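Here it is, the structure in full.
The values are calculated or read from the model by the stated rules, or taken from the named source; none is laboratory data. These figures come from a predicted structure and were not determined experimentally. FYI the Cβ positions are ideal-geometry reconstructions off the backbone, even for glycines, and counts take in every protein chain you see.
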Amino acid sequence: MHRMSSLGNTVKTFTLLAALAGLLVFVGGLLGGQSGMVVALVFAIAMNGFVYWNSDSLALRANGARELNPGELPRFRSIVSTLAAQAGLPMPRLYVIDRPEPNAFATGRDPEHAAVAVTTGILDLMDDPSWPASSPTSCHTSRTATRSSGRSPRRSVARSASSPRWPSSR
């Protein structure tokens, strides 16, 4: 099941990027003829490469996230570490966003470049029994969906919150 999900997410990501590149090339052709198409194609390839390699930092920066210091939020760090170990994933980088609304998202192009960000609002609201409810976000980094969802943190949160693949802890 995981392999099919991963393949499906890869196909969706490729299709989205190809469609956007095609649209850019089409508009380039309308505006500049054949040379406009070539310029637009080069721009589309450069833009897609940049977004692929930097989508995690772009999403984190857009949300005002700051990386946690080693001794900061030890309970949160411990829980994410445990979840990552149980899922067989490397420990993601951890970020906090100073906002009152409860929210979290995972981003990164693959598990080795994963990051999990939480708002101060979710940290204030969660007590020990409810921490596992955030585990779909942590486990979300194992799927290649982070390639496309890293470009849209809100979509990442929606996917991780409704993820049927994470077993309930109740």
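Would you say Ala18 is at pLDDT 90 or above, under 30 Å from Arg99 (Cβ atoms) and loosely packed, with under 15 Cβ neighbours inside 10 Å? Spell out the reasoning first.
Values: at pLDDT 90 or above: yes; under 30 Å from Arg99 (Cβ atoms): no; loosely packed, with under 15 Cβ neighbours inside 10 Å: yes.
Spelling it out, it is not the case that Ala18 is at pLDDT 90 or above, under 30 Å from Arg99 (Cβ atoms) and loosely packed, with under 15 Cβ neighbours inside 10 Å.
Identify all residues within region 119-130 that are assigned to a helix (DSSP H, G or I) and either modelled with pLDDT under 55 or of a type in the set (Asp, Glu) (or both); write none if there are none. Steps first, please.
First, the residues of region 119-130 that are assigned to a helix (DSSP H, G or I): 120-125, 128-130.
Within region 119-130, Asp124, Asp128, Ser130 meet the criteria.
Considering only region 53-112, state which residues are in contact (Cβ under 8 Å) with a residue 60 or more places away in the chain and assigned to a loop (DSSP other than H, G, I, E, B).
Matches in region 53-112: Asn63 only.
Residue under question is Ala59, and the condition is that it be modelled with pLDDT of 90 or more, of a type outside the set (Ser, Thr, Tyr), closer than 12 Å to Ala115 by Cα and surrounded by 14 or more Cβ atoms within 10 Å (Cβ to Cβ); does it hold?
Details: modelled with pLDDT of 90 or more: yes; of a type outside the set (Ser, Thr, Tyr): yes; closer than 12 Å to Ala115 by Cα: yes; surrounded by 14 or more Cβ atoms within 10 Å (Cβ to Cβ): yes.
Yes.
Please tell me if Val157 is at pLDDT 65 or above, in contact with a helix residue (DSSP H, G or I) (Cβ under 8 Å, 6 or more places away or on another chain) and under 28 Å from Thr13 (Cβ atoms). Even if it seems obvious, please write down each step before you answer.
Numbers: at pLDDT 65 or above: no; in contact with a helix residue (DSSP H, G or I) (Cβ under 8 Å, 6 or more places away or on another chain): yes; under 28 Å from Thr13 (Cβ atoms): yes.
So Val157 fails the test.
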